[in-house]
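What follows is one structure encoded as structure tokens, with my remarks underneath.
A short reminder: the numbers here are calculations on the coordinates, not readings from a lab. This is a predicted model, so every value here is computed, not measured. Heads up, the Cβs are rebuilt from the backbone with ideal geometry, glycines too, and the neighbour counts pull from every protein chain shown.
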Amino acid sequence: MPCTISWPSRRGFEEEPGPPLCLVSPAVEQSRSVRNTTTAADALNTILADMLALYFKTKNFHWHMAGPHFRDYHLLLDEQATEIFSVVDDIAERLRKTGNTTLRSIGDFARRQTIKDNDAEFVPADDMLAELREDNFRAGSAFREAKVLVEEARDNGSHG
Ligand SMILES: [Fe+2]
């Protein structure tokens with residue numbers, strides 16, 4: 001499936017010309033139609049669950065990284081996990097401020113998450129990075145979808 005949203009060129013990012021850099025992964029675009037979020041609060045709670053799932057998966061891969069690029073990837077994933085976790089509290093408190101409830105437990109977040117856990121005993125480094133790339137595309141897509149819903153709900157604070 002070709003990209004429906006992409007940069008016009010990769011020029012400036014790489015020396016060699018290549019295929020368009022997709023802003024939304026084809027796999028994520030394909031799954032959009034099955035996403036079940038009916039309200040802005042639902043969307044934000046799903047995003048919250050996904051940010052926690054993505055945080056935990058990123059930390060999992062940080063802890064279990066192995067291979068010749070161990071140090072670089074280990075540090076990279078720790079930085080990314082910190083950035084991901086930094087949005088969690090803001091999303092939850094925004095939900096409360098708008099009169100909604102938010103996640104209450106590990107079970108609650110597990111029921112809502114769309115980003116899948118990876119419980120494999122060993123994951124090669126390249127596969128870790130590829131999986132996180134897809135998950136981050138999914139998260140970005142969910143934020144863009146939620147932005148439309150909060151705008152429709154006239155929630156200017158969440159729309160930002
Ligand atoms: Fe660490």
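Rank-order 111-124, 43-56 by packing density, defined as the average count of other C-beta atoms within 10 Å over each peptide's residues, highest first.
43-56, 111-124
Give me the mean projected area, in nm² to one decimal, of the convex hull enclosing the Cα positions of the range 36-87.
Directional mean of the projected Cα hull area for the range 36-87 stands at 4.0 nm².
Taking 2.2 N^0.38 Å as the expected size of a compact globular protein, what ratio does the Cα radius of gyration of the range 40-159 give against it, to two decimals?
1.13
Is the shape of the range 96-160 rounded, prolate or oblate, going by the alpha carbon gyration tensor and its root eigenvalues a ≥ b ≥ c, with a/c under 1.5 for rounded and a/b larger than b/c for prolate?
Oblate, since a/c reaches 1.5 and b/c is not below a/b.
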